[in-house]
Number of protein chains: 2
Amino acid sequence: MRINSGRLLARIAALAEVSPISGGGNCRLALTPEDGHGRDLVVSWMKDLDLRVSIDVVGNVIGTWECAPGSPVMTGSHIDTVRTGGRFDGTYGVLAGLEVIQCLQDAGITPKRPLSVGFFTNEEGARFAPDMLGSLVYVGGMAVEDALDIVAIDGAQLADELEAIGYRGSHPCPGPTPHAFVELHVEQGPVLQSIGRRLGTVTGVQGISWQEVTINGQSNHAGTTPMSMRKDPAYVAGRIIVFLRELATRYGAPQVCTVGKVDLVPNLVNVVPATATLTVDIRNTDELTLQKAEHEFAEFLSHLADEENVTISSRQLARFEPVTFDERVVDIIDSVCASFAVAPHQLPSGAGHDAQMFARVCPTAMIFVPSINGISHNPAELTDDEDLVLGCDVLLHTMLRLANTSFTEENSR
Amino acid sequence: MRINSGRLLARIAALAEVSPISGGGNCRLALTPEDGHGRDLVVSWMKDLDLRVSIDVVGNVIGTWECAPGSPVMTGSHIDTVRTGGRFDGTYGVLAGLEVIQCLQDAGITPKRPLSVGFFTNEEGARFAPDMLGSLVYVGGMAVEDALDIVAIDGAQLADELEAIGYRGSHPCPGPTPHAFVELHVEQGPVLQSIGRRLGTVTGVQGISWQEVTINGQSNHAGTTPMSMRKDPAYVAGRIIVFLRELATRYGAPQVCTVGKVDLVPNLVNVVPATATLTVDIRNTDELTLQKAEHEFAEFLSHLADEENVTISSRQLARFEPVTFDERVVDIIDSVCASFAVAPHQLPSGAGHDAQMFARVCPTAMIFVPSINGISHNPAELTDDEDLVLGCDVLLHTMLRLANTSFTEENSR
């Protein structure tokens, strides 16, 4: 049995019509009106398939095909994007889940358990911190009240923004524990393409450390202040950026460090800035190495503040330890791939995903399809249609196999 | 004869009430409604003194006391500020000019030539580039049409903004050539305070080179893109900032380099930016050294673009050669200082000033008073009241002496 490729690709194209940006991507920052329009479209498709749609208190939406008793096999991802997002990141996994259910309904095949497909609030973290917020709250990793109080980078409060787009639901969090969870996603990196593989079985997720660093110096006139008397936050920001590249290079792959956001005040050509605020994103698959990088960075900041006569403060925006997925789910994905005569490649994910939250409560793993040139968080994000269809086929058979598998406590760890 | 100190300080305090910001400074970016309110207040004071007020086509405002025939001795400066400006930068010189005229009127003393006091549009360059725009156009250094077409950092056009605040006047530019020009200003640097002098005679102005550098790289996912495959504009911006500090330190004083403005796109924690735009401010009192710094920086950018696989383009925002003031005016200021039993200190200005434009067309120099801790372009900008009053006394007697001095062609160069 194969999924309906035309229908899958048509839904991806239709959702990409909601808040398009030039270059073929989308801007649907979490809980903006644009995100609301995208949600409405996906919910309408869930209702077309007669799914039971539940919306919880932080806006996670789960559509369930109640074809059998028991806890469901769940798939899902997110439909929010970064400001300059692609059309596949997240949405592909959600729409593939719908296609899996519709395909089985059309074929008159009833799985042994309910099948659910969800999309989770603020996975990207581009508007609210932390990222993967919805799935984190779903599994009980953050109190609902704390989540509702979070303030966006534009000053809006999460609770108000849920209300404004009509997605402050009544279903409680933590939500019901699924039987198993599997997420299908584009790789967002260059590995699969570079080794010529069409499918990846994801064995875990990198640990992520996000912090916001604020540097306070002395605003002054750019022409009259001798270099030796400056307390220049822009210079300190420059040193931090250069240091992080040096650290990542020295540690070697898979260590990555990124400064993606820098804001100077007052940000004028002829004024030494008063303050600089920048974000630091540090990731590694190994928790101890990640801690070592964090520690070394903190030491550097301390020395730099002394050296440059500025004050530097740091605030943690998000911190997730590396995650290892369930070997049994990984094995099932591998064997489904083999049944399609496609060799999968086991790899860790460099990006955070909702699946890593579900890994805390139920057997979980992920399926990757290649991203052309590894480009993501960019309108140029692209995956070949054939790979999109193949990934959805693998999701279909993986979900059926998961519905037939009993995960007993004895073999769960 | 001495000026009325209470009246001078009261006018400074009253103008500081227009668009105050916390910390005691002001935000009156050029041609905003706030700048308009400040202009209206100063013009009302000009009219109180029965000055003839002329507004020219780029919004420069000149108040002239037509007490005698001939071309006027002119003083003046600006009342626009940077976004986080102090209350003395520019405004002090304008209001001191008013006080000089009122003091002479009160005393019944009629100078041998008319006295003018002006304030010039967009001296700071914090909203429109280049800085010192109004005085540049006044002396014929830029065509009026070119000036009117300039677009602000907020997208507004200069002509429209003049119109909106009612300062698109009818007097033509270039404007009438003054007999001589003298500008009184706070130092905005730490030199006078550090050597314990209360007055500075300014012998010239540093050359200024402003450019906007744009780096185009490859926006991508911060977690999945190996360091070796990145084309990261934020990293390149960091390298530029660190390089410019190193260059300025290597050249030694008076070389200064500043990056005051950095903008990343999309500016998000988990996205390697697509572009970075930053401003570079390079100054030196020696034109050849300034050219050497510009050349070395351009070479660095070229190597860096190759090394980091990005494209870098650079656009000149402003370029002024170092200026040498008229020795005869400098001598007059020195001798007036001596008559107050105050030893002046001759120094170049690290900042650009309207006086440097007038130096192109008439005998010109400047008077500085100390800035406490050298702080400027900052709400904490401060000068002792006694120094403000002393500076205005020196301006008064300098203008009287200039009105009595004949500058013949023979000794003008």
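Excluding same-chain residues fewer than 8 positions from B:K47, which lysines have a Cα within less than 29 Å of its Cα?
By straight Cα distance, B:K47 reaches B:K112.
Which angle from 0 to 90°, rounded to the nearest 10, does the C-alpha axis of helix A:327-339 make with the longest principal axis of chain A?
Approximately 60 degrees, to the nearest 10.
Can you tell me the FRET efficiency between B:I109 and B:L41 if r is taken as the Cβ-Cβ distance and R0 is 30 Å, rounded to the nearest 0.05?
Numbers: r = 26 Å, r/R0 = 0.88.
Computed FRET efficiency for B:I109 and B:L41: 0.70.
Inside 10 Å of the C-beta atoms of A:81-91, what's the mean count of C-beta atoms belonging to other chains? Please list the in-between numbers first.
Values: counts 0, 7, 6, 7, 3, 1, 0, 0, 1, 0, 0.
Neighbouring Cβ atoms belonging to other protein chains average 2 per residue here.
Please report the antiparallel percentage of the DSSP beta bridges confined to the protein assembly as shown, to the nearest 5.
Of those bridges, close to 70 percent are antiparallel.
Taking every residue in A:210-223, how many Cβ atoms of other protein chains lie within 10 Å of its Cβ, on average?
Details: counts 3, 1, 1, 0, 0, 0, 0, 0, 5, 11, 13, 17, 16, 17.
Mean inter-chain Cβ contacts per residue within 10 Å come to 6.
Within region B:10-34, which residues have the backbone N less than 20 Å from the label spot 7 Å out from A:T311 along Cα→beta-carbon, could you tell me?
Once the point is set 7 Å along Cα→Cβ of A:T311, B:22-25 turn out to lie under 20 Å by backbone N, inside region B:10-34.
Measuring from centroid to centroid over Cα atoms, what is the spacing of region A:236-301 and region A:1-60 in Å?
Region A:236-301 and region A:1-60 have Cα centres separated by 35 Å.
What are the distances, in nm and sorted shortest first, from the label point of A:A298 to the label points of the same position in each other copy, with each label point placed 7 Å from Cα along the Cα-to-Cβ direction?
Copy-to-copy label distances for A:A298: 4.7 nm.
Taking A:Q157 in one copy and the same position in all the others, each labelled 7 Å out along Cα→Cβ, what are the pairwise distances from the first, in nm, shortest first?
Ordered by distance, the counterparts are at 4.4 nm.
When all alpha-carbon pairs of region A:273-413 are counted, what percent fall beyond 24 Å? Display every interim value, and only then the final one.
Numbers: 5053 of 9870 pairs.
Percentage above 24 Å: 51.
Distances over 19 Å make up what percent of all Cα-Cα pairs in region A:1-55?
Numbers: 575 of 1485 pairs.
For region A:1-55, the share of Cα pairs beyond 19 Å comes to 39 percent.
Using just the C-alpha positions of the protein assembly as shown as equal point scatterers, what log10 of I(q)/I(0) does the Debye formula give at each q in 0.09, 0.11 1/Å?
-0.86, -1.09
For chain A, take the longest principal axis of its alpha carbons; what is the angle in degrees between that and the long axis of helix A:5-16, to the nearest 10 within 0 to 90?
Rounded to the nearest ten degrees, it is 30.
Charges only on Cβ, +1 for Lys and Arg, -1 for Asp and Glu: so what's the dipole of region A:207-320 about the Cα centre, in debye to the nearest 20? The partial results should precede the final answer.
Details: 10 positive and 13 negative charges, 43 e Å.
For region A:207-320, the charge dipole is close to 200 debye.
Using the 7 Å Cα-to-Cβ label point, sort the distances from A:F340 to its equivalents in the other copies shortest first and give them in nm to one decimal.
Inter-copy label distances (nm, one decimal, shortest first): 8.5.
Pairs B:K231/B:K261; A:K231/B:K292; B:K231/B:K292: which exceed 24 Å Cα-Cα?
Details: B:K231/B:K261 21 Å; A:K231/B:K292 26 Å; B:K231/B:K292 29 Å.
Violating the 24 Å limit, Cα to Cα: A:K231/B:K292; B:K231/B:K292.
How many nm is it between the label spots at A:I21 and B:V151, if each spot is 7 Å from the Cα in line with the beta carbon?
With each label placed 7 Å out from Cα toward Cβ, I get 2.0 nm.
Using the Cα centre as the reference, give the magnitude of the dipole from point charges on the C-beta atoms of the protein assembly as shown (Lys, Arg: +1; Asp, Glu: -1; all else neutral), rounded to the nearest 20 debye. Mind dumping the intermediate values first?
On the way: 58 positive and 102 negative charges, 62 e Å.
The dipole of the protein assembly as shown has a size of about 300 debye.
Using only the alpha-carbon atoms of region B:207-320 as identical scatterers, what base-10 log of I(q)/I(0) does the Debye formula give at q = 0.12, 0.17 Å⁻¹?
Log10 of I(q)/I(0), two decimals: -0.43, -0.78.
Find how much the distance from B:E287 to B:T177 grows on full extension, using 0.36 nm per residue of separation minus their present alpha carbon separation; answer in nm with one decimal. If you can, show how the numbers build up before the last one.
On the way: separation 110, 0.36 × 110 = 39.60 nm, distance 2.66 nm.
Net length gain for the segment: 36.9 nm.
Neighbour counts of other C-beta atoms within 10 Å: give me B:M74, B:M229, A:M142 arranged from fewest to most. Intermediate results must be reported in sequence, preceding the final value.
Numbers: B:M74 29, B:M229 15, A:M142 20.
Ordered from fewest to most neighbouring Cβ atoms within 10 Å, B:M74, B:M229, A:M142 come out as B:M229, A:M142, B:M74.
With point charges of +1 on the Cβ of Lys and Arg and -1 on the Cβ of Asp and Glu, referenced to the Cα centre of region B:292-413, which listed residue (B:Q316, B:G352, B:L402) lies farthest in the positive direction of the dipole?
Positive-most Cα among the choices belongs to B:L402.
May I ask what percent, to the nearest 5, of DSSP beta bridges between residues of chain A are antiparallel?
Values: 46 of 66 bridges.
About 70 percent, rounded to the nearest 5.
How tilted is helix A:385-403 with respect to the longest principal axis of chain A? Cα atoms for both, answer in degrees (0 to 90, nearest 10).
Value to nearest ten degrees: 60.
Let me know the Kirkwood hydrodynamic radius for chain A, please, with Cα pairs as the basis and the value in Å to one decimal.
Numbers: mean 1/r = 0.0449 Å⁻¹.
Hydrodynamic radius (Kirkwood, Cα pairs) of chain A is 22.3 Å.
Can you tell me how much longer the chain between B:E246 and B:V144 gets when fully stretched, taken as 0.36 nm per residue apart minus their C-alpha distance, in nm with one decimal?
Working: separation 102, 0.36 × 102 = 36.72 nm, distance 3.93 nm.
Full extension from B:E246 to B:V144 adds 32.8 nm.
Report the per residue volume, in Å³, of the convex hull enclosing the C-alpha atoms of region A:52-125. If you can, show how the numbers build up before the last one.
Values: hull volume 6.0 nm³, N = 74.
Taking the convex hull of the Cα positions in region A:52-125, it is 81 Å³ per residue.
Coordinate-derived values only; no laboratory data. All values derive from a computational prediction rather than experimental measurement. Ideal geometry is used to build each Cβ from the backbone, glycine not excepted, and the neighbour counts take in all protein chains shown.
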